[in-house]
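The structure appears right after this line, and notes come after that.
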Amino acid sequence: MGSQESLPDAPAQMHHYYSKFMRECPSGLLSLHEFKKLLDLQGLDPQGDLYIKRVFDIFDLNQDGFIDFLEFIAAINLVIRGKIDQKLKWYFKLYDADGNGCIDKKELLSIF
């Protein structure tokens, strides 16, 4: 009952996000620079910059160097509606910087 109540709003929400995305990114492709600007995350220290780049790379599902609308919606959906196991997998992927499937001591220390 609760999940079905939100379905009628889905097209309106999709339109809202699409309008916002296209307003901020008329080309339809969000670059890393535009991503930082959109989130007001410019001028970070090198470690913060690396973190934001990693977040961007994870959202860039096809690894083309841009976040398109579908990738943007997938990211929004994960953040807003994602189940805990989906979010945990995403966070694991974020902190597994070398992508080897393990979080080693160096990666663990960077978390703290």
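The values are calculated or read from the model by the stated rules, or taken from the named source; none is laboratory data. Since the model is a prediction, treat every value here as computed from it, not as a measurement. Note that we place each Cβ from the backbone using ideal geometry, even for glycine, and neighbour counts take in every protein chain shown. When the accessible area is computed, the model is the full protein with side chains, heavy atoms only, and any ligands, DNA or RNA have been set aside. Shrake-Rupley method; radii C 1.70, N 1.55, O 1.52, S 1.80 Å.
Being within 27 Å of GLU24 (Cα to Cα), of a type outside the set (Phe, Trp, Tyr) and assigned to a helix (DSSP H, G or I): is that true of GLY65 here?
On the way: within 27 Å of GLU24 (Cα to Cα): yes; of a type outside the set (Phe, Trp, Tyr): yes; assigned to a helix (DSSP H, G or I): no.
Judged against the criteria, GLY65 is not a match.
Within the stretch 59-88, how many residues turn out to be at pLDDT 85 or above and more than 21 Å from LYS20 (Cα to Cα)?
Selection size over the stretch 59-88: 8.
Out of the stretch 84-96, which residues are touching a helix residue (DSSP H, G or I) at 6+ places or on another chain (Cβ under 7 Å) and over 18 Å from LEU61 (Cβ atoms)?
The answer is TYR95, and nothing else.
Filter the stretch 26-40 down to residues that are among the hydrophobic types (A, V, I, L, M, F, W, C) and at pLDDT 85 or above and give me whichever is surrounded by the fewest Cβ atoms within 10 Å (Cβ to Cβ). Explain how you work it out, then say what you get.
Step one: list which residues in the stretch 26-40 are among the hydrophobic types (A, V, I, L, M, F, W, C), which gives 29-30, 32, 35, 38-39.
Of the ones still in play, those that are also at pLDDT 85 or above are 29-30, 32, 35.
Details: LEU29: 14, LEU30: 22, LEU32: 17, PHE35: 21.
It comes out as LEU29.
Within the stretch 44-58, how many residues turn out to be of a type in the set (A, V, I, L, M, F, W, C) and open to solvent by 30 Å² or more (accessible area, probe 1.4 Å)?
Within the stretch 44-58, residues that are of a type in the set (A, V, I, L, M, F, W, C) and open to solvent by 30 Å² or more (accessible area, probe 1.4 Å) number 2.
Under the condition of being exposed (fewer than 15 other Cβ atoms within 10 Å of the Cβ) and in contact with a helix residue (DSSP H, G or I) (Cβ under 8 Å, 6 or more places away or on another chain), which residue from the stretch 59-68 is farthest from TRP90 (Cα to Cα)? Can you show your working first?
First pass over the stretch 59-68, keeping only residues exposed (fewer than 15 other Cβ atoms within 10 Å of the Cβ): 61-65.
Now restrict to residues that are in contact with a helix residue (DSSP H, G or I) (Cβ under 8 Å, 6 or more places away or on another chain): 61-63, 65.
On the way: LEU61: 12, ASN62: 16, GLN63: 16, GLY65: 19 Å.
If we take residues in the stretch 59-68 being exposed (fewer than 15 other Cβ atoms within 10 Å of the Cβ) and in contact with a helix residue (DSSP H, G or I) (Cβ under 8 Å, 6 or more places away or on another chain), then GLY65 is farthest from TRP90 (Cα to Cα).
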